[in-house]
1. Open to solvent by less than 10 Å² (accessible area, probe 1.4 Å), on the phi < 0 side of the Ramachandran plot and not assigned by TED's automatic domain parsing to the domain that holds Ala94: does that describe Val213?
2. Do we have any residue at all in the range 80-95 that's among the aromatic types (Phe, Trp, Tyr), away from ligand 2 (no atom under 16 Å from the Cβ) and under 20 Å from the mean Cα position of the chain (by Cα)?
3. I need the full set of residues from the range 173-187 which are under 21 Å from Tyr78 (Cα atoms) and either within 16 Å of ligand 2 (Cβ to nearest atom) or surrounded by fewer than 24 Cβ atoms within 10 Å (Cβ to Cβ) (or both), in order please.
4. Which one of the conditions (1) in contact with a strand residue (DSSP E or B) (Cβ under 7 Å, 6 or more places away or on another chain); (2) of a type in the set (S, T, N, Q); (3) farther than 27 Å from Ala33 by Cα does Gln374 fail to meet, given that it meets all the rest?
5. Can you name every residue in the range 150-165 that is of a type in the set (A, V, I, L, M) and either open to solvent by less than 50 Å² (accessible area, probe 1.4 Å) or touching a strand residue (DSSP E or B) at 6+ places or on another chain (Cβ under 6 Å) (or both)?
6. Looking at the range 298-413, what helices (runs of 4 or more DSSP H) fall wholly within it and have at least 2 residues that are open to solvent by 60 Å² or more (accessible area, probe 1.4 Å)?
7. What number of residues in the range 54-71 are open to solvent by less than 20 Å² (accessible area, probe 1.4 Å) and part of a loop (DSSP other than H, G, I, E, B)?
8. Looking only at the range 322-336, count how many residues are near ligand 1 (Cβ under 9 Å from one of its atoms) and hydrophobic (A, V, I, L, M, F, W, C).
Amino acid sequence: MARQRGLLPPCRSCGGGELRRFLSLGRTPLADALVTGEQLGQIDPSFPLDVAFCPSCTLVQILEEVPAEQLFVDNYLYFSSFSDHLLKHAKEHADALVASRGLDSSSFVVELASNDGYLLRNFTPHGVRVLGVDPAPDQAQAAREAGVPTVEEFFGVDLARRIRAEHGAADVIIANNVMAHVPALNDFVGGMAELLSDDGLITVENPWVKDLVDHGEFDTIYHEHFCYYSCTAVDALVRRHGMYLNHVEYFPDLHGGTLRWHIGKREQVSAEARRILALERAAGVTEFEYYADFADRVDEARSKLLMLLDKLKAQGAMIAAYGAAAKGSTMLNYLGVGTEILDFVVDRNTWKQGKYMPGVHVPIRPVEALLEEQPDYVLILAWNFTDEILAQQEEYRRAGGRFIRPVPIPEIL
Ligand code: JHZ
Ligand code: ZN
């Protein structure tokens, strides 16, 4: 149910009380809460999914706050190591840090949301001391097995102090695809400031809210993602904690458009950082009006995709989907697409196979099911990995199979 004006919570970053809602995706189940066979008879819990803009600090954020334990401890099956593209990106990141910061056995690198150790394991051949932090138990265990010591807790000022007391200050802190996942943002960023050495470097990666809006990537909105960042919002956030946004890198092909922010305690703002901050102002990302028609565009995208799926189904096509991704859950639930349209979803992640997509209960099978069943079409829910998926599925395509990429506009490939 839509919230009434005036009852909106304060901004998660600046504490301002004037949030302006611009999108409601209705009630959706938790995107990573995959359903087991025994749970199929039950109704999955669902929560409102409303998105708002803060006119004071420009941060885009959702209004609902599902407890973090429920999101990342009880229902979390995301393992970073199932994408070759992401593994390559992580290795390049680690190698670049080793080279640019001269990291060696005297250095200490901490990663927040270190998942299964997919990134930190690249530092160990260089003798660098590493520590992962991740509250998800199965991922933390997988990281330890890969030789990455991991603290199984949520990060904040308190844990930062304990890590610093035990291991010393960090030369590098890495936080990839986690700052969106943090409800108590100032405690998280305050913790990074607490743990970082005076001349240390923090790198933070997150999808860019400008790409989300420009490319209609509405399915990346789900309860795990409390916030959707611009450089402007990050700049304001880190300055509050005595740090500076000194540099920005852009990876257009990662997760629909990702930025890597370089943050430190000394002010050394690069020309590129200034350029992207100015670009955001010029494009209007810092104003409510930029977001005002997003809801209409999302609605239109939904209609177009539903029309395409209905048409194919009416022609007698068999349709499957690729990627039991969190964004896939938003997509299917917002569209209301279940087993009447999709026979199954395939995913490489063995933890997800045998379960069902939240809410719509489409079964999840191993990727081999595409060749076994040879569906006519496959809807790519993990569209951010389209190139990687197409390259893997040459045999399915040679046999006549076609892929549908839903974002930015539905397209048969
Ligand atoms: P993937 C993730 O979101 C997780 P999700 C997280 N919530 C986040 O913030 C964003 O990324 C940025 C599978 N797959 O990563 C693996 C194959 O089966 O796009 C995954 O289950 N074969 C932290 O969950 C899913 O697809 C493949 O070849 O929306 C992809 O999920 C590849 C490449 C992936 O997103
Ligand atoms: Zn704010």
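1. Values: open to solvent by less than 10 Å² (accessible area, probe 1.4 Å): yes; on the phi < 0 side of the Ramachandran plot: yes; not assigned by TED's automatic domain parsing to the domain that holds Ala94: yes.
When the stated conditions are applied, Val213 passes them.
2. Step one: filter the range 80-95 for residues among the aromatic types (Phe, Trp, Tyr), giving 82.
Of the ones still in play, those that are also away from ligand 2 (no atom under 16 Å from the Cβ) are 82.
Checking which are under 20 Å from the mean Cα position of the chain (by Cα) leaves us with 82.
Scanning the range 80-95, I find at least one residue that is among the aromatic types (Phe, Trp, Tyr), away from ligand 2 (no atom under 16 Å from the Cβ) and under 20 Å from the mean Cα position of the chain (by Cα), so the answer is yes.
3. First, the residues of the range 173-187 that are under 21 Å from Tyr78 (Cα atoms): 174-183.
Residues satisfying the conditions are Asn177, Val178, Met179, Ala180, His181, Val182, Pro183.
4. Result: Gln374 fails condition (1) only.
5. Filtering the range 150-165 down to residues of a type in the set (A, V, I, L, M) leaves 151, 157, 159-160, 163, 165.
Those that are of a type in the set (A, V, I, L, M) and either open to solvent by less than 50 Å² (accessible area, probe 1.4 Å) or touching a strand residue (DSSP E or B) at 6+ places or on another chain (Cβ under 6 Å) (or both): Val151, Val157, Leu159, Ala160, Ile163.
6. Working: elements: 326-335, 369-373, 386-392, 394-398.
Of the helices (runs of 4 or more DSSP H) lying wholly inside the range 298-413, those with at least 2 residues that are open to solvent by 60 Å² or more (accessible area, probe 1.4 Å) span 369-373, 386-392, 394-398.
7. As a first pass, look at the range 54-71 and keep what is open to solvent by less than 20 Å² (accessible area, probe 1.4 Å): 54, 57-63, 66, 68, 71.
Among the residues that remain, those that are also part of a loop (DSSP other than H, G, I, E, B) are: 54, 57-59, 63, 66.
Final tally of qualifying residues: 6.
8. Looking only at the range 322-336, we keep the residues that are near ligand 1 (Cβ under 9 Å from one of its atoms), and these are 322-330.
Keeping just the survivors that are hydrophobic (A, V, I, L, M, F, W, C) gives 324-326.
Counting residues in the range 322-336 that are near ligand 1 (Cβ under 9 Å from one of its atoms) and hydrophobic (A, V, I, L, M, F, W, C) gives 3.
The values are calculated or read from the model by the stated rules, or taken from the named source; none is laboratory data. Remember, predicted model here, so these are calculated numbers, not experimental data. Here the Cβ is made from the backbone with ideal geometry for all residues, glycine too, and neighbour counts use every protein chain on show. For the accessible areas, the whole protein counts, side chains as well, though only heavy atoms, and no ligand, DNA or RNA atoms are used. Shrake-Rupley method; radii C 1.70, N 1.55, O 1.52, S 1.80 Å.
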